[in-house]
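Before any comments, here is the structure.
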Amino acid sequence: MADIGFYHLLRTGPDQALPTLLGRTLKAGQRAAVRCGSPERVAALDTALWLTPEPDWLPHGTPTTGNPDLQPIWITTEDEAPNGARFLFLIDGADTARLSDYDRVFDLFDGNDEAAVSAARLRWKSAKSAGHALAYWQQTGRGWEKKA
């Protein structure tokens, strides 16, 4: 079973929240897969991660750049982790049918979009009924607060 954290974004988008989470993932010696909602989003996130000031180095790749086995962070639209990632990040409402393949899953959703919040609630219910360990984090003015 996976530990799944739902991250309710209220102050920033995933482009601002992901670098810190991905930096912590790499610091812990883990690999990550980031599943996006579209190929355009993969390209935009690829650029954003190269340009992020903190942390200043987030080595990653995409299906366009190739060599997934060499990439500590793999950004894709596919439900896969060809880099051997045990941590999965879901953005743009992306979902996975393979929750149990991961140790940790980070589900980041836009708290200012009611459709995204409703979809996250459905993913929560599904993961809970499957027996996964769940946590809910909400972004506030003071940072992340664990709500459940």
### Query
Which of Phe89, Val117, Thr65 sits closest to the plus end of the dipole of the stretch 49-148, meaning its Cα is farthest towards the positive end, when Lys and Arg get +1 and Asp and Glu get -1 on the C-beta?
Val117
#### Entry: the stretch 24-70 versus the stretch 122-148: alpha-carbon centroid distance in Å
23
### Computed [θ] at 222 nm, deg cm²/dmol, the chain (DSSP H ≥ 4; -39,500 (n - 2.57); rounded to nearest 500)
-9500 deg cm²/dmol
### Query
By how many degrees, between 0 and 90 and to the nearest 10, does the Cα long axis of helix 14-27 differ from the longest principal axis of the chain?
70
### Query
Evaluated at 10 °C with a viscosity of 1.306 mPa s, what Stokes-Einstein diffusion coefficient in µm²/s does the stretch 59-126 have when Rh comes from the Kirkwood expression over alpha-carbon pairs?
122
### Task
With the Cα gyration tensor of the stretch 3-146 in hand, give its eigenvalues times 5 under a square root as the equivalent ellipsoid semi-axes, listed largest first in whole angstrom.
22, 18, 14
### Query
Compactness ratio of the stretch 1-45: Cα Rg over 2.2 N^0.38 Å, N = residue count?
1.27
### Summary
So for R0 = 25 Å, FRET eff. of Ala28-Thr140 from the Cβ-Cβ r, to 0.05, ends up at 0.55
### Message
Sorting check: for 86-96, 27-37, which peptide has the highest mean count of neighbouring beta carbons within 10 Å, and how do the rest follow?
### Response
86-96, 27-37
### Query
Normalised by the number of residues in the chain, what is the relative contact order in percent for Cα pairs under 8 Å and 6+ residues apart?
36
### Summary
Computed from the beta carbon distance with a Förster radius of 30 Å, FRET efficiency for Asp15 and Lys125 to the nearest 0.05 stands at 0.60
### Task
Could you work out how far apart the two model spin labels at Leu70 and Ser100 are, taking each label as a point 7 Å from the Cα in the direction of the beta carbon, and quote it in nm?
3.5
## Note on the structure
For the stretch 107-146, shape from the Cα gyration tensor axes a ≥ b ≥ c, cut at a/c of 1.5 then a/b versus b/c, turns out oblate
### Query
For the residues Leu58, Leu122, what sequence is obtained by ranking on other C-beta atoms within 10 Å, fewest first?
Leu122, Leu58
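The numbers here are math on the coordinates, done by the rules we state, and not lab data. Just so you know, these numbers come straight off a predicted model, no measurement behind them. FYI the Cβ positions are ideal-geometry reconstructions off the backbone, even for glycines, and counts take in every protein chain you see.
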